Number of protein chains: 2
Amino acid sequence: MNRSRCSLNQYTVRQLSLLESADACVKASIPAIGVWRDKLAELGLERASRELQARNLHVSSLCRGGFFPYETPSEKQSREDDNRRAIEEAAAIDAAALVLVCGPAPPGDLARARAQIEEGITMMIPDARAAGVRLAIEPLHPMLVAERSAITTLSEANDLAERLDPPGVVGVIVDAYHVFWDVRVKREIARAGRSIFGYHVSDWVTPNGASDIAASRAMMGDGCIDLHDLSEAVTSAGYDGDVEVEVLNSNLWGTDAAAVTALAMERFERFV
Amino acid sequence: MNRSRCSLNQYTVRQLSLLESADACVKASIPAIGVWRDKLAELGLERASRELQARNLHVSSLCRGGFFPYETPSEKQSREDDNRRAIEEAAAIDAAALVLVCGPAPPGDLARARAQIEEGITMMIPDARAAGVRLAIEPLHPMLVAERSAITTLSEANDLAERLDPPGVVGVIVDAYHVFWDVRVKREIARAGRSIFGYHVSDWVTPNGASDIAASRAMMGDGCIDLHDLSEAVTSAGYDGDVEVEVLNSNLWGTDAAAVTALAMERFERFV
């Protein structure tokens, strides 16, 4: 795929600040960036907004809202407050979507976690509508069910999005790494259609030696995912937005960011 | 669950030979055992059959046939030959099912792997029927898609079993560790009904520190799976066979097998 469709998720080069990764995008002719909230907070919301505009960088997504399951009323309240702030931040930098990583379940309570996730997203909808922010449910790989997300398939994310707000401010992220293994994935991509609010790419290698189960994605072309096939499915479904390179890999974060960016672009053009 | 329903998969105590693990079952009043083919080969088929009968041990399953995907005709032939032998072995020890671990895909070729898996199981059906051996497709956790099995959900396994031989010698294994994360799991257990040929239990902990991604299961009660809930679903679906304790964990294999067995039984009675 041509890099004119590309967005660099800044955690691919997590060693950089938001300003540094924005400059890396400009230097590599990458027109968009995926922003993380911790990096945004470091720079400050107003300045970040200004600097991104000055570089003419489109924001493909803001990572992340979500983490809905709670044990106590005060936890629930703090999640709600945080998600409200996430919507404000996404609006301020004009992000194409706010990524929702829905959060894990307490032990043995997946059903309750799923109910709380649905309740939590429902609570966000009025604010999201008012702010013009799209909420993108990202199903994560089932490997991460106890640590990051009780929503583990695109089918489940589609069910949720359809129940909550059909079609409207709630949609889904298709992240190749998280969903490629599912025999239903192409049917579910087609079903999501215009509710696809983002498409993320990286690759799957096991065992890959990264120390962190949540940061062990491989560079496109190094693993077993047929990204051309998924890209075609996403395009056929009507998605024509940014394609975000999100290679979360703790091994890459200690290396030279310019080299990582150059490699990512070469691989993007060959394999995506 | 009462241990009168229990079977000990011998890889839970992989440090033991087949005879030693059979004796461990007798000593712990466990009426059944899950047998692995490498251990069976060590003892010899005839002697194994005799020794298991002498101990009045029921064989809940033989692990494993499968690994269908191939690159060359000779690979295809050797898989077929091996699966034919697996059927003979399952018949000789009167195993309640031959477990099919369907095998991984070559990079980028999940669709072809899935077609080859369907073709491979189809080839086995006449022999299985003639030998009175039931073939149990075991969907594995999507984490293992590139290493062990392109069949990653109970839904996919049910689809396959229904297409191939409804209802007949092809069914499924419900292994809690592999399927608990799926929002559809209880619907698919109900759908499988009498085609459930085995129910396996262990637990899910991440990160768990085991060195091998395929051998990192936790003891029941140590993780986040609601086994009572799954047991109820499996029972409601009509399954009244053995419940196999299959805690594949490389950390356990270096420890005292009697202690592992005792702990497994205590946990089985509390958590399953």
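Got the A:ASP212 label distances to the other copies yet, label 7 Å along Cα→Cβ, in nm, shortest first?
Values, ascending and in nm: 2.8.
If you take every residue apart from B:HIS178 with its C-beta less than 11 Å away from the C-beta of B:HIS178, what net charge results, scoring Lys and Arg +1 and Asp and Glu -1? If you can, show how the numbers build up before the last one.
Working: positive: B:ARG148, B:ARG217; negative: B:GLU138, B:ASP175, B:ASP182, B:GLU246.
Around B:HIS178, the surrounding residues sum to -2.
Take every DSSP beta bridge with both residues inside chain B and express the antiparallel ones as a percent of the total, to the nearest 5.
5
Hey, in the GNM for chain B with a 10 angstrom Cα cutoff, which one of B:ALA157, B:ALA215, B:ALA128 fluctuates hardest?
With Cα springs under 10 Å in chain B, the top fluctuation among B:ALA157, B:ALA215, B:ALA128 is at B:ALA215.
Tabulate in residue order the Karplus-calculated ³J(HN,Hα) for the stretch A:59-71, using 6.51 cos²θ - 1.76 cosθ + 1.60 with θ = phi - 60°, rounded to whole Hz; enter x for Gly and Pro.
Rounded to whole hertz, the list is 9, 6, 6, 10, 9, 7, x, x, 6, 6, x, 9, 10.
Just to compare against my own numbers: the Cα pair-distance distribution for chain B, 5 Å bins, whole % per bin, please.
1, 6, 14, 18, 20, 19, 14, 7, 2, 0
What is the sum of charges, Lys and Arg at +1 and Asp and Glu at -1, for the other residues whose Cβ falls under 12 Å from the Cβ of B:TRP204?
Counting the neighbours of B:TRP204, the net charge comes to -4.
Quick one: if you take sqrt(5λ) for each eigenvalue of the C-alpha gyration tensor of the stretch B:86-239, what semi-axes come out, biggest first, whole angstrom?
Semi-axis lengths for the stretch B:86-239 are 24, 19, 15 Å.
How about the stretch A:36-78: which GluC sites (Glu not before Pro) there lie in a loop by DSSP and see at most 13 other Cβ atoms within 10 Å?
Hits after loop and neighbour filter: A:GLU71.
Amide H of A:ASP175 versus every other amide H placed in the peptide plane: which residues, excluding those fewer than 5 positions away on the same chain, fall under 5 Å?
A:HIS200
Report, as an integer, the average count of C-beta atoms from other chains found within 10 Å of each Cβ along B:98-109.
For this peptide, the per-residue mean of nearby foreign Cβ atoms is 2.
Within 10 Å of each Cβ in B:180-187, how many Cβ atoms from other chains are there, averaged over the peptide?
Details: counts 5, 12, 7, 11, 4, 1, 1, 0.
What the average comes to for B:180-187 is 5.
Please report, for B:GLY238, the nm distances (one decimal) from its label point, 7 Å out from Cα along the beta-carbon direction, to the equivalent points in the remaining copies, shortest first.
With the label placed 7 Å along Cα→Cβ, B:GLY238 yields 4.2 nm.
Charges at C-beta only: +1 for Lys and Arg, -1 for Asp and Glu. How large is the resulting dipole of the stretch A:124-272 about its Cα centre, in Debye rounded to 20? Display every interim value, and only then the final one.
Working: 12 positive and 23 negative charges, 71 e Å.
Its charge dipole is roughly 340 debye.
Express in Å², to the nearest 10, the accessible area of B:TRP253 obtained by rolling a 1.4 Å probe over the protein heavy atoms while all chains stay in place.
The value for B:TRP253 is about 50 Å².
In terms of modelled amide H atoms, which long-range or inter-chain residues lie less than 5 Å from the amide H of A:ARG64?
Here the answer is A:ARG37, since their amide H atoms fall under 5 Å of that of A:ARG64.
Each residue of the stretch B:14-21 in turn: what ³J(HN,Hα) in whole Hz from Karplus with 6.51, -1.76, 1.60 and θ = phi - 60°, glycine and Pro shown as x?
5, 5, 9, 6, 4, 4, 4, 6
Under 5 Å between amide hydrogens, which residues at least 5 positions from B:VAL170 or on another chain qualify, with H placed 1.01 Å from N in the peptide plane?
B:LEU135
Along Cα→Cβ at 7 Å, what distances in nm separate the B:GLY132 label point from those on the other copies, shortest first?
For B:GLY132, the other copies' label points sit at 7.4 nm, shortest first.
Can you work out D for the protein assembly as shown in µm² s⁻¹ from Stokes-Einstein, where Rh is the Kirkwood radius over C-alpha pairs, the temperature is 20 °C and the viscosity is 1.002 mPa s? Before the final figure, lay out the partial values.
On the way: Rh = 24.5 Å.
Result for D is 87 µm²/s.
Once R0 is set to 60 Å, what does the formula 1/(1 + (r/R0)^6) return for the Cβ-Cβ distance between B:ILE125 and A:ASP94, expressed as a FRET efficiency to the nearest 0.05?
Details: r = 58 Å, r/R0 = 0.97.
Rounded to the nearest 0.05, the efficiency is 0.55.
The values are calculated or read from the model by the stated rules, or taken from the named source; none is laboratory data. Bear in mind the structure is a predicted one, so any value in this text is a computation, not a measurement. Neighbour counts are summed over all protein chains in view; Cβ atoms, including those assigned to glycine, are modelled from backbone coordinates with ideal geometry. Only protein heavy atoms, including side chains, enter the accessible area calculation; ligands, DNA and RNA are left aside. Shrake-Rupley method; radii C 1.70, N 1.55, O 1.52, S 1.80 Å.
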